[in-house]
1. Quick one: if the Förster radius is 30 Å, what FRET efficiency do Asp46 and His338 give, using the C-beta to C-beta distance and rounding to 0.05?
2. Would you mind computing the Rg to Rh ratio of region 136-273 from its alpha-carbon coordinates, Kirkwood style for Rh?
3. Apply 1/(1 + (r/R0)^6) to the Cβ-Cβ distance of Tyr110 and Asp302, taking R0 = 25 Å, and write down the FRET efficiency to the nearest 0.05.
4. How much length, in nm to one decimal, is gained on full extension between Arg29 and Arg240, taken as 0.36 nm per residue of separation minus their Cα-Cα distance?
5. Over all alpha-carbon pairs in region 274-340, figure out the percentage whose distance exceeds 19 Å.
6. Give me the accessible area per residue for region 100-242, probe 1.4 Å, as a whole number in Å².
7. Modelling each spin label as a point 7 Å along the Cα-to-Cβ direction, I'd like the Ala151/Trp220 distance in nm, to one decimal.
8. Can you compute the charge dipole magnitude of region 166-274 about its Cα centre, using +1 on each Lys and Arg Cβ and -1 on each Asp and Glu Cβ, nothing else charged? Give it in debye, rounded to the nearest 20.
Amino acid sequence: MIPAAPASVQHTPPSRWQTAWRDAVRDPRQLLAMLGLEQLAAQLSDHAAQQFPLRVPRGFIARMRPGDPADPLLRQVLPVLDEDRIVPGFALDAVGDGLARRGGGLIHKYQGRALLIATGSCAVHCRYCFRRHYPYAEDTAAAGGWRQALALLAADTSTHEVILSGGDPLSLADHKLAELTDVLRTLPHIRRLRIHTRLPVVLPERVDTGLLDWLGTLPWPLTVVIHANHAHEFDASVDRALAALRATGAVLLNQAVLLRGVNDTVDALAALCERGFAAGVLPYYLHQLDRVAGAAHFEVDDATALALHAALSARLSGYLVPRLVREIPGHPGKTALHRL
């Protein structure tokens, strides 16, 4: 028998975003049934779903087109047999994170910037994620109250910008995020904070009063880099979340990944850039796929990527065109792709 909790113990009820998080769909066949796509069950990979489980919030599912097996949002999250193929050149660590790990969830690749793997948790599991094989259980910055990561940052006065990544850093509770920034305030060499997050897009409920209050107290210039790959990922709830983030003074940027079958047309890319800008987000990067094992079926070859980017540049104003880049392990920054 489990004893009843003492009357003096009070349990804080889950917030709206935490409830939506817990209500995410985790069964691929349930997802297909919700969309009237049971015929796609033969394409599912149980092995891939075991290795990298499905997780997708219901609000994101609501933006998918029922009955459309080629829906670009569904393609990003559905574990399929193509993931089981072993393809040369596709590795567990596609971007050299392993060599750049400094302990305590801190990754140091680029001059003046340090990235914290805040947590391994995320509200959605994107099948092309370059960290789908990352050893989160042994290396996250929030573990132990951020102590090891903060000690490393304090010792390196050449670091001026801290980047919160994951997983998704906004999957952490507000008080955990405040633990970090309370100590960062004591490090005079930290000048900027950047947050990389997909939650305002896939779980806009996360942008609530508590999060906004925390953001409003931060003393540094703040950049929030969201991640949307298709115009259909935006709706009124996402617009409201992004407007609230902008109201804190944050600069909002979007980074997308060029994905076969998702956004590999000029029309899709132009719609993404224009829809994001309408929501107050400036296009930042269009990444060539990081060659992580299990994601080869998303790859777009460089010649096609360059042609798409050239056509996009011809169609849109310059400020609406993201930089086409690739991450190459060991390089001092993202590498821009240029037509020869």
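The values are calculated or read from the model by the stated rules, or taken from the named source; none is laboratory data. Because the structure is predicted, anything quoted here is derived from the model rather than measured. Note that we place each Cβ from the backbone using ideal geometry, even for glycine, and neighbour counts take in every protein chain shown. Heavy atoms of the whole protein, side chains included, go into the accessibility calculation; ligands, DNA and RNA do not. Shrake-Rupley method; radii C 1.70, N 1.55, O 1.52, S 1.80 Å.
1. Working: r = 42 Å, r/R0 = 1.40.
Step by step, r from the Cβ atoms, then E = 0.10.
2. 1.00
3. Numbers: r = 23 Å, r/R0 = 0.92.
According to the calculation, E is roughly 0.65.
4. 72.8 nm
5. Distances greater than 19 Å cover 41 percent of the Cα pairs.
6. Normalised by residue count, the accessible surface of region 100-242 is 35 Å².
7. 2.1
8. Working: 10 positive and 13 negative charges, 96 e Å.
In debye, rounded to 20, region 166-274 gives about 460.
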